[in-house]
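Chemist: Before I ask anything, let me first share the structure, which is written out below as structure tokens.
Read-outs throughout are calculated quantities, based only on the coordinates presented, and are distinct from any laboratory measurement. Worth saying up front: this structure is predicted, and the values here are computed from it rather than measured. No Cβ is skipped: glycine too gets one built from the backbone with ideal geometry, and neighbour counts run over all protein chains shown.
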Amino acid sequence: MKLRYTILYVDDVAATLAFYREAFGVETRMLHESGDYGELDTGATTLSFSSRALMASLGKNPARPRPDAPAFEIAFETDDVAGAYARALAAGATAVQPPERMPWGQTTAYVSDRDGFLVELCTAVAG
């Protein structure tokens with residue numbers, strides 16, 4: 001078995017895809033003609049978005065993210081955490097934690113995306 005994709009529930013899929021392109025430089029792989037589902041080109045595991053309206057029509061009631069109490073995070077690895085952090089903020093992300101060097105040698109920063117999901121920007125973890 002392999003992890004194929006993660007789907008986050010958002011109000012406006014197209015706007016979320018555009019935000020991720022501007023904030024993190026991640027290109028859109030596809031946006032369904034309905035506008036209710038889209039994917040980013042993130043490698044072997046796809047980061048996807050589905051509209052809350054679609055999920056409601058399927059009898060689901062997805063909770064909204066709570067930036068003050070996140071249940072998980074999305075992580076993007078980069079060699080330039082400070083630059084990625086500045087780019088995300090310029091695109092409208094909300095600052096959570098500025099770049100910081102961790103005791104284990106990794107540099108991390110955190111922002112909230114336009115929908116309130118926690119996004120980590122980090123260097124690779126040294127092996």
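Chemist: Would you indicate which of [x] 125; [y] 103; [z] 158 is the value of volume of the Cα convex hull per residue in Å³ derived from the coordinates of this structure?
Modeler: Recomputing volume of the Cα convex hull per residue in Å³ here gives the entry labelled [x].
Chemist: In whole Hz, what ³J(HN,Hα) sequence does the stretch 55-62 give by Karplus (6.51, -1.76, 1.60; θ = phi - 60°), x for Gly and Pro?
Modeler: Working through the residues one at a time gives 4, 5, 5, 8, x, 9, 9, x Hz.
Chemist: Regarding the stretch 5-57, what's the average projected area of the Cα-atom convex hull, expressed in nm²? Don't skip to the end; give the middle numbers.
Modeler: Values: hull surface 13.3 nm².
For the stretch 5-57, averaging the hull's shadow over all directions gives 3.3 nm².
Chemist: Can I ask one more? May I ask for the angle, rounded to the nearest 10°, between helix 13-24 and the longest principal axis of the chain, with both axes built from Cα atoms and the value confined to 0 to 90°?
Modeler: Between the helix axis and the principal axis of the chain, the angle is about 10 degrees.
Chemist: Could I ask something else about it? Does anyone have the angle between helix 81-90 and the longest principal axis of the chain? Alpha-carbon axes, 0 to 90°, nearest 10?
Modeler: 40 degrees
Chemist: Compute the distance in nm between two label points, each set 7 Å from the Cα along the Cα-to-Cβ direction, one at Ala126 and one at Met1.
Modeler: For Ala126 paired with Met1, the spin-label model returns 3.5 nm.
Chemist: Helix-only mean residue ellipticity at 222 nm, the chain, DSSP H runs n ≥ 4 weighted -39,500 (n - 2.57), per residue, nearest 500. What is it?
Modeler: Numbers: 3 runs with 28 residues, N = 127.
Helices in the chain give a 222 nm mean residue ellipticity of -6500 deg cm²/dmol.
Chemist: Let me ask something additional. Just to verify a number: FRET efficiency for Asp41 and Ala69, C-beta to C-beta distance, R0 = 41 Å, to 0.05?
Modeler: Values: r = 30 Å, r/R0 = 0.74.
Efficiency at R0 = 41 Å is approximately 0.85.
Chemist: Run the quick spin-label model on Leu54 and Ala18: label points 7 Å from Cα toward the beta carbon, then report their separation in nm to one decimal.
Modeler: 1.8 nm
Chemist: Could you state the principal axis extents of the C-alpha atoms in the stretch 74-122, from the largest down, to the nearest angstrom?
Modeler: So the extents along the principal axes, rounded to whole Å, are 30, 17, 15.
Chemist: If Lys and Arg each add +1 and Asp and Glu each add -1, what is the summed charge of the other residues whose beta carbon sits under 12 Å from the beta carbon of Glu120?
Modeler: Details: positive: none; negative: Glu73, Glu77, Glu100, Asp113.
In short, -4.
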